[in-house]
Amino acid sequence: MQDPKKPVVVILGAGYAGLLACSRILRAPGPVRVIVVSANPYFEQRIRLHETLAGQTTARLKLAPVLARRGAEFRHDRVLRLDPARQEVELTGGEVLAYDWLVHALGSQPACTIPGSREHAVQLDSRDRMQAMHARVSALADRKGRVIVLGGGLTAQEVSSELAERFPGLSVMMVSGREPGADLSPKARDALLTALDELGVLRQQGRITAIEPGQVRLAEGAALPFDLCIDCSGMRASPLAADSGLAVDEHGRVAVDDCLCLPGFKNVFVAGDTARVEIAGEPLRMACATAMPLGACAGMNVAALLAGRHPQAFDFGYFARLVSLGRRRGVTQFVDRADSPDGAVVSGFVAARYKEWICRMTFSIVKWELLTGLPLYFWPGSGGRYQEQVE
Ligand SMILES: Cc1cc2nc3c(=O)[nH]c(=O)nc-3n(C[C@H](O)[C@H](O)[C@H](O)COP(=O)(O)OP(=O)(O)OC[C@H]3O[C@@H](n4cnc5c(N)ncnc54)[C@H](O)[C@@H]3O)c2cc1C
C-alpha cells in the first residue's frame, strides 16, 4: 500500500533527459514516490540508430529492474494527455496518474514535414525498426541499389557515411537545401566534405518539394530516383504538449523559465528536446548534449524543492560538435560557449574514436547514475567552468 503522504513525482520519458532527471530526484533526502512512464521498456542509444541500421549491435538497458533497485516505479505505456491544471497524466492503457511534481521529457521525433515522407520514406525512429530495415538495406546493397538521404545536418551526414562505409555496393546520395557543413568553420567543412568524397557519398543541393513513390521531387523540377529514401530533414518535439493545449514554438517545444519550470505551473518541469531554452539569445539545439544537462538540472530542481530549497537557474555552455563519418572517420569542431565554430578542428580516425568514446560515455553515465545513485554527470557552464553539483 502506498503512503498517501509521500509526494508523487511523475517523469514522462526515459531518454537521456528523463532518466538523468529521475536519478537526481531519487537523491532527494525525504520520502518520495517516483514513477517513470515510457512507451519503450528500454533505455536505447538513439544517437546510434544509424549504426543499428548499418547492422551494428548497440547496448540497451531494461528499465523496470534498474528503476526498481532505486525504489522507482516504471510504467511501460504511452502518454495520451497531460492536464497541468488537474495535475494529472492519462496513459493509453487507461491509467490516470495524479502527481505533485512532473518532469516532461518526451523528447522528439522525425518531423516528417516533406509531403510524402510518412508514406514513401523511412525515418530513424526506433531501434526495432532500424534492425528490421537492416535486412532491406543489405539486400539493396547486393543489387547496387540507390539510397537517398534527405537533409544535410549531422544526422544525415552520419547515416550517409555509415551506410556508404558499411555497404560499398550502395549508391548513397545526400539531398539538402544547403551544403553539408555550412555551419562549420572552413577547415571543419573541408574535412567533412573530403571524408564524404572518400566514402563516395554523392551530394545534391536543391529544395525538396515532395517524396513520391520511388523518387524525390525538387523545386527545380528534377526527379531523383531511389530504391530507399531516408528522411533526416528535421526533428520535432513530442506532440503531447501541443495536444494538451500548451503553447509551443515552431518545433513543438515548450518555453520554460530559467529553472526549466513551465510558466504558471511551478510543479511542472520540462527537459530535453521538448524544452525551449535560450542561451545567448538562441534556442538550444535539440541534442543529447543538451538533453543530458537539462534533465539533470530539472531533476536537481525537483529534488531541491522537495527538500524545501530553492531551484537553481540552468547554466550551460557548448563545447564541441562531433560527427562520426562511418567507423574510421569523423570531425570534431570545437566551439565557444555560445556554439560558434571558432575553435580547433580534429578530423580522421582520432575524431572517430573521440565520438565513439562520447557515445559510450553518454550511455554509461546514464546507466551508472541510475545504478549507483551517484551524481556522475557534469557539464560545462556558460563561464567555461564545469557545472558544480549543487545538491
Ligand atoms: C541517428 C541520430 C543520431 C544523433 N546523434 C546525435 C549526436 O551525435 N549528438 C547529439 O547531441 N544528439 C544526437 N542526436 C539527437 C539526440 O538523440 C536527441 O536530441 C536526444 O535523444 C534527446 O533526448 P531526450 O531525452 O530529450 O529525448 P529522447 O531521447 O527522444 O527520449 C524520449 C523518451 O520519451 C519516450 N516517449 C516519447 N513519446 C512518448 C509517449 N507519448 N508516451 C510515452 N513515452 C514516450 C521515448 O520512448 C523515450 O523514452 C541524434 C539523433 C538521431 C536520431
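The values are calculated or read from the model by the stated rules, or taken from the named source; none is laboratory data. From a predicted model like this one, the values you see are computed outputs, not experimental measurements. Virtual Cβ from ideal backbone geometry, glycine too; neighbours counted across all protein chains shown. Surface areas here come from the heavy atoms of the whole protein model, side chains and all, with no ligands, DNA or RNA. Shrake-Rupley method; radii C 1.70, N 1.55, O 1.52, S 1.80 Å.
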Of the criteria (1) more than 22 Å from the chain's Cα centre (by Cα); (2) at pLDDT below 95; (3) surrounded by 18 or more Cβ atoms within 10 Å (Cβ to Cβ), which one Glu388 fails: (3)
Count, please, the residues in region 274-318 that happen to be touching a residue at least 24 places away in the same chain (Cβ under 8 Å) and more than 29 Å from Pro31 (Cα to Cα). 15
Check Thr92 against each of (1) within 25 Å of Leu306 (Cα to Cα); (2) touching a strand residue (DSSP E or B) at 6+ places or on another chain (Cβ under 9 Å); (3) open to solvent by 50 Å² or more (accessible area, probe 1.4 Å) and name the one condition it does not meet. (1)
Find the residue count for region 261-284, including only residues that are open to solvent by 10 Å² or more (accessible area, probe 1.4 Å) and either under 10 Å from the mean Cα position of the chain (by Cα) or outside the structural domain of Leu82 (by TED's automatic domain parsing) (or both). 1
Conditions: (1) in contact (Cβ under 8 Å) with a residue 12 or more places away in the chain; (2) assigned to a loop (DSSP other than H, G, I, E, B); (3) not small (Gly, Ala, Ser). Glu369 meets all but one. Number of the miss? (2)
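Yes/no matrix, rows are residues, columns are (1) assigned to a loop (DSSP other than H, G, I, E, B); (2) in contact with a strand residue (DSSP E or B) (Cβ under 9 Å, 6 or more places away or on another chain):
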site: Met286; (1), (2): yes, yes
site: Gly299; (1), (2): no, yes
site: Val302; (1), (2): no, yes
site: Arg321; (1), (2): no, yes
site: Pro341; (1), (2): yes, yes
site: Glu356; (1), (2): no, yes
site: Tyr377; (1), (2): yes, no
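Looking at Leu124, Leu106, Leu61 in this structure, which one is more than 9 Å from the ligand (Cβ to nearest atom), buried (at least 16 other Cβ atoms within 10 Å of the Cβ) and of a type outside the set (Phe, Trp, Tyr)?
Leu61
Filtering region 196-253 down to residues that are part of a loop (DSSP other than H, G, I, E, B) and among the β-branched types (Val, Ile, Thr), which residue is most open to solvent (accessible area, probe 1.4 Å)?
Going through region 196-253, the residues part of a loop (DSSP other than H, G, I, E, B) turn out to be 200-201, 206-207, 213-214, 219-222, 226-227, 232-234, 238-239, 244-253.
Narrowing further to those that are among the β-branched types (Val, Ile, Thr): 201, 248.
Details: Val201: 6, Val248: 52 Å².
Among residues in region 196-253 that are part of a loop (DSSP other than H, G, I, E, B) and among the β-branched types (Val, Ile, Thr), the one most open to solvent (accessible area, probe 1.4 Å) is Val248.
Got a sec? Which strands (runs of 3 or more DSSP E) wholly within region 1-70 have at least 2 residues that are closer than 18 Å to Cys359 by Cβ? Lay out the reasoning, then the answer.
On the way: elements: 8-12, 33-38, 42-44, 60-62.
In region 1-70, 42-44, 60-62 are the strands (runs of 3 or more DSSP E) which contain 2 or more residues that are closer than 18 Å to Cys359 by Cβ.
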Residues in region 157-196 that are closer than 14 Å to Phe226 by Cβ and among the small types (Gly, Ala, Ser): how many? 2
Positions within region 152-169 being buried (at least 23 other Cβ atoms within 10 Å of the Cβ) and not in a helix (DSSP H, G or I), in sequence order: Gly152
